[in-house]
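Report on the structure given below.
The values are calculated or read from the model by the stated rules, or taken from the named source; none is laboratory data. Every value quoted in this text rests on a predicted model; they were computed, and no experiment measured them. As a convention, Cβ positions derive from the backbone with ideal geometry for all residues, glycine included, and neighbour counts pool all protein chains shown. The protein model used for the area step is the full one, side chains on, heavy atoms only, and it has no ligands, DNA or RNA in it. Shrake-Rupley method; radii C 1.70, N 1.55, O 1.52, S 1.80 Å.
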Amino acid sequence: MSSENKTSRVLRQQLNTQLAKLNSKAEAEIEFLDIVREYMMKRSEIELQYGKSLEKLSKSLQHRKLRKYFGTTSTPFLTQETPISPNSNPRSIYTAFKTLLMESDVQARRRSRMGDALVKDITDIMKDFNKQKTRHLKKNMEYGAKYHQEICTVYDDLQRARLNYEKAAKEAEIAEKRYEDASKRPKSGLQSLKTLVTGKDVLTVIQTLKSKFKQKSRKLNDARNNYLLSLLTYNAMNSQYENVELPKYIEKLDGKYYKVLIESLQSFTELEMDISNTIKSNAEILVPFIDDISAEKETNIFLNENSAVFDENPQLSFDSSSSDRIHDFVIDEITSVSLGNRLGDLIVQDDNLKKSLEEKQEELLSLKQSSKQSINGSNQSINHDTLSIQDVQNAIDIIGCQRRKINYQVEKLKAINVRPIISSQIQLNFIPSQKLISVVAKVLYNYKPINADDLEVIEGDEVEIIQVEEDGWVRVNHIKSGNTGIIPLSYIDKIVQDSENLTSSNNVVALYDYTATDEGELTLKVGDEIQCLEGVDMMEDWWMGKLLRTGETGLFPVLFTKGWENVAAKTDCFDSSNEPKLPTKYDNEVPTKDDLQEKSDEMVKSDENDVTTSNCVKAKVLYNYESECEGELSLEKGEVITNIKQDIGSDTWWEGQGKNGYGQFPSNYVMIVLPEAKSINVGSTVRAVYDYTASSMRDLEFKTGEILTITAQNDPDWLEGEINGCKGLFPVNYVEKI
């Protein structure tokens, strides 16, 4: 088990232990109040029986063990020989009660008139309070469990972000090594022959590897940013919990416990003082012990005694990869867009939570007013209102926790000058300087003007984007009426572009400015039209294109353009040209596209002599591979690898059993052998048998056991499906028929 899982398990165990301790504390308070109430009840009866009965009761209660609070100690706390003075024992409430018992022996004969008052003013109140506290305890523990789950969720997000970061760092390191190896490799006759056969010269291969390296570096930046952001969130959430929320939660568990206890004891003391000067003098002995009772003091004692459970967790620091020398956020033209989208999503989430919070606050106010109106009604009605108020208050606190989680990230992103990209299925942070295309949006909701510069629109209207304003507003031109004004950005749907202005259906339009950072890339301006050249690959984030404004040819970021979906729809995105590239170390020649297609056909037709029937995942080796370190498995072309484990923390390496033993090997050196060809009808449902992580913008990500609906199958090895409203592509051998 990895150290991350161990840490996650320890965190959950610690939080569960905290809940157990807090639950024991609350039960101990209920138990103790029952003991005090029992004393008061019997005391009211004993007042009529004078000294002997009262003395008997006092001695019996002195031997009572407080199991809930002091565990299984064999010595009853109330009979321990300790000096009778304030602050003589840190447990002031128990010391006060012990003093009360001792004074009872002296006051036994003078309490006959206290019976009725004790029942009316003390014992009934304690009884009602304990019933209410017992009912509330379960709800408070459920609230605590939910709150702890929020902390665990933040920590789990942190662990996932860290794993993704380590994976991205590893992939960037591999890509860099491949590029450096290719750059340093001297030219040879064999390479000339390869160039002749494949049609790709060395410079083209190096340029491609360089582009791959840049792509992996950008992914590393995104993964690192996400990791740092998750780390910040966890540290802030943890600090907030330890310093603010935990004391509030303990106070919520206590309720009016100390108030009821103090008021009851004070009432008892006042009755004592009314009897006679003698009884008053005896009662005054008890006063300083009662005054020493404090909810804050008792809570601090409890926390100190259980410091191993409630000590604040240390702040976490960024644990960088050994190959990554950057320890902070990276803000460039690429990451500013992804971080801007992230910030925009967070702001929208916070707005939704804010609305939910306002609704809950209104509900709470209504319940409190209703509770005041029914104060003269039955106790059952009052208790029901109290429980409802507690439920709503707990919901408000949970929403507050969720908003803090979001606000920590928002504050950090704003602090590093990330500009939010607010989206409601639309992303607008640009204004074309020269409109080469029509930028049109559809209105989602009715909007009535508030200010003079606002524009009235209704659902379904189409508006032309003129200028994006600050704080989530956009200036538009109403296409039908011709009026111009400002409306909220979140009130419009995705951009509609007039395809008639494009010179070709294979062209895309730049949505953002982009400055080339390396040779072979295109510098784009908003509104530029780019012609997509051969090699369009939905598995890649960079395409080759021709910039019509300048006539230059080079790579450009797909996500910086609009219209790429239409171009991709005309392209067979999963032909043999999209097979994964082999690792840099190989013994055979690099296979061509036709070679890979032949290998795929050969593996589908593989007979029983090559692969024995088994429920285990098997694969046939396509190319020789020589292990480079301990733990790797050398491969021989044609052999069958069995007992394959694909989920080992890397998408490019698997583990399995082969002729040369058991070990790890590059996954794109083998081809999975299917027991039988899968033919799945469109509209049918399938079940995921493996987790699948999307590797491109068109992939559909899912977890083992999830149910998917098939929407198309245009390739024997890939399916198009839908789950939870999301559509995308995935490998056919990752699912099974239902």
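From Phe310, Phe318, Phe302, which residue is in contact with a Lys or Arg (Cβ under 9 Å, 6 or more places away or on another chain), modelled with pLDDT of 80 or more and closer than 30 Å to His148 by Cβ?
So the residue among Phe310, Phe318, Phe302 that is in contact with a Lys or Arg (Cβ under 9 Å, 6 or more places away or on another chain), modelled with pLDDT of 80 or more and closer than 30 Å to His148 by Cβ is Phe318.
For the range 318-368, what are the residues that are in a loop (DSSP other than H, G, I, E, B), in contact with a helix residue (DSSP H, G or I) (Cβ under 9 Å, 6 or more places away or on another chain) and not aromatic (Phe, Trp, Tyr)?
Correct list: Asp319, Ser320, Ser321, Ser322, Ser323, Asp324, Ile326, His327, Asp328, Val330, Ile331, Asp332.
Could you identify the single residue in Ser366, Ser374, Ser381 that is at pLDDT below 85 and open to solvent by less than 30 Å² (accessible area, probe 1.4 Å)?
Ser374
Which residue is most open to solvent (accessible area, probe 1.4 Å), if the candidates are limited to the range 628-662 and must be in contact with a Ser or Thr (Cβ under 9 Å, 6 or more places away or on another chain) and under 20 Å from Glu171 (Cβ atoms)?
Checking each candidate, the answer is Asp651.
Only one of Val287, Val309 is part of a helix (DSSP H, G or I), surrounded by 14 or more Cβ atoms within 10 Å (Cβ to Cβ) and free of Cβ contacts under 8 Å to residues at least 24 places away in the same chain. Can you tell me which?
Val287
Of all residues being aliphatic (A, V, I, L, M) and part of a helix (DSSP H, G or I) in the range 542-560, which is farthest from the chain's Cα centre (by Cα)? Just the residue, please.
So, considering only residues that are aliphatic (A, V, I, L, M) and part of a helix (DSSP H, G or I), the one farthest from the chain's Cα centre (by Cα) is Val558.
Between a residue in the range 235-264 that is more than 20 Å from Ser294 (Cβ to Cβ) and any residue that is exposed (fewer than 14 other Cβ atoms within 10 Å of the Cβ) and not β-branched (Val, Ile, Thr), which pairs come within a Cβ distance under 7 Å, given they are 6 or more apart or on different chains?
Asn235/Gln315; Glu242/Glu312
So which of Glu81, Glu4, Glu47, Glu55 ends up being touching a Ser or Thr at 6+ places or on another chain (Cβ under 6 Å) and at pLDDT below 75?
It is Glu47.
Looking at Glu519, Glu529, Glu500, Glu552, can you tell me which residue is modelled with pLDDT of 85 or more and open to solvent by 40 Å² or more (accessible area, probe 1.4 Å)?
Glu552
Listed here are the residues, each with its yes/no results for (1) at pLDDT below 90; (2) among the aliphatic types (A, V, I, L, M); (3) not in a helix (DSSP H, G or I).
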{"residue": "Lys131", "(1), (2), (3)": "yes, no, no"}
{"residue": "Asn140", "(1), (2), (3)": "yes, no, no"}
{"residue": "Glu150", "(1), (2), (3)": "yes, no, no"}
{"residue": "Arg162", "(1), (2), (3)": "no, no, no"}
{"residue": "Lys167", "(1), (2), (3)": "no, no, no"}
{"residue": "Lys170", "(1), (2), (3)": "no, no, no"}
{"residue": "Ile174", "(1), (2), (3)": "no, yes, no"}
{"residue": "Glu180", "(1), (2), (3)": "yes, no, no"}
